[in-house]
Amino acid sequence: MSLSSSNTTPEAVVVSASSVTPNAAPTPTPNPSKYSLKHRILMCLALPVWAFLGFMLAQALIIVLVEVLQKIGVPLDQIGDSVFQTIAGAVIYTLTLFIVIGVPWLVKKARTTKEELGMQRLPSLMDFVWVPAGAVVYLVLTAVVTALAMSFLTFVDYDQVQDTGFTNMGAQSEYILAFIMLVVIAPIAEELLFRGYLFGKLRKYAPLWISILITSVLFGIVHLAWNVGLDVFALSIVLCLLRVVSGSLWPSIMLHMLKNSVAFYFLFISPITG
């Protein structure tokens, strides 16, 4: 999940400093025209639906598992909320990636390459340069999107508080677990799923702007709140562009982590220190 650092700014439920390896192959330019129009349209519909269903199915399976464990007497209520949220979140993200990426390979040998995921190389120093540039673009874009939305989407509650799943925290360990979940695990998993798998696959079948639009709309939808969805829609556009200009998913992961860490401070740290 991505975090939104304020209620009026519209989001809810892996990095080495080394350079690019010299032998890393350049990312090939997608050529959607080699596929028939019917096939391209079908894939542009099927890919986001598959990613969404995988995400929802993973959550449903965990809910069923929790229900079963409770019925057979496993004392889940003795696990702290922060521990439970962290474990459950990590398992859901892992299961989602397995379903969306692994199942097609197991069933149809439809392999997702490292190039499609944007993980064909290690991070480079230039990746760190792209992050602040992307942050500036994101701040401008989300301000524009929010202003337009507030003018036309008057039914949206822009003061809605984001539900991160972490509440009533007191111990330092609980804040550490929340940080690990929201600032480390969630950005990595979501980038692999959305700007990695979905965007990487769509680029094969659709023009750049359509791939960005589909990816960003779905990313907003899965956050299940209008104000949060609008913010992460803008964020996703920038994250997609970062992947394109850098040729890698690393800058997108870094910016997503940076954005969530700032939001984490305002949501959890500032209220207890200010």
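The values are calculated or read from the model by the stated rules, or taken from the named source; none is laboratory data. Quick caveat, the model's predicted, so the values are computed rather than measured. Using ideal geometry, Cβ is built from the backbone for each residue, glycine included, and neighbour counts are taken over all protein chains shown.
Summary of values
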{"read-out": "Criterion violated by GLY274 - all others in (1) surrounded by fewer than 21 Cβ atoms within 10 Å (Cβ to Cβ); (2) of a type outside the set (A, V, I, L, M, F, W, C); (3) modelled with pLDDT of 95 or more satisfied", "value": "(3)"}
{"read-out": "Identity of the residue in the stretch 80-113, in a loop (DSSP other than H, G, I, E, B) and out of contact with any helix residue (DSSP H, G or I) (no Cβ under 8 Å at 6 or more places or on another chain), that ends up modelled with the highest pLDDT", "value": "THR113"}
{"read-out": "Residue within the stretch 30-42 that is modelled with pLDDT under 95 and within 27 Å of ALA135 (Cβ to Cβ) present", "value": "yes"}
{"read-out": "Set SER261, SER252, SER216, SER248: member being at pLDDT 95 or above, touching a helix residue (DSSP H, G or I) at 6+ places or on another chain (Cβ under 8 Å), not hydrophobic (A, V, I, L, M, F, W, C) and not in a helix (DSSP H, G or I)", "value": "SER248"}
{"read-out": "Flag for TYR197 being modelled with pLDDT under 95 and either on the phi < 0 side of the Ramachandran plot or surrounded by 17 or more Cβ atoms within 10 Å (Cβ to Cβ) (or both)", "value": "no"}
{"read-out": "Selection from the stretch 200-219 of residues that are surrounded by 24 or more Cβ atoms within 10 Å (Cβ to Cβ) and more than 20 Å from PRO104 (Cα to Cα)", "value": "SER211, PHE219"}
{"read-out": "Which numbered condition ALA149 fails, given (1) closer than 25 Å to ILE188 by Cβ; (2) touching a Leu at 6+ places or on another chain (Cβ under 6 Å)", "value": "(1)"}
{"read-out": "Residues that are modelled with pLDDT under 90 and surrounded by fewer than 16 Cβ atoms within 10 Å (Cβ to Cβ), drawn from the stretch 144-171", "value": "LEU153, THR154, PHE155, ASP157, ASP159, VAL161, ASP163, THR167, ASN168, GLY170, ALA171"}
{"read-out": "Odd one out for VAL68 among (1) in a helix (DSSP H, G or I); (2) among the aliphatic types (A, V, I, L, M); (3) closer than 30 Å to PRO251 by Cα", "value": "(3)"}
{"read-out": "For ILE237: the one exception among (1) buried (at least 21 other Cβ atoms within 10 Å of the Cβ); (2) of a type in the set (Val, Ile, Thr); (3) closer than 22 Å to PHE98 by Cβ", "value": "(3)"}
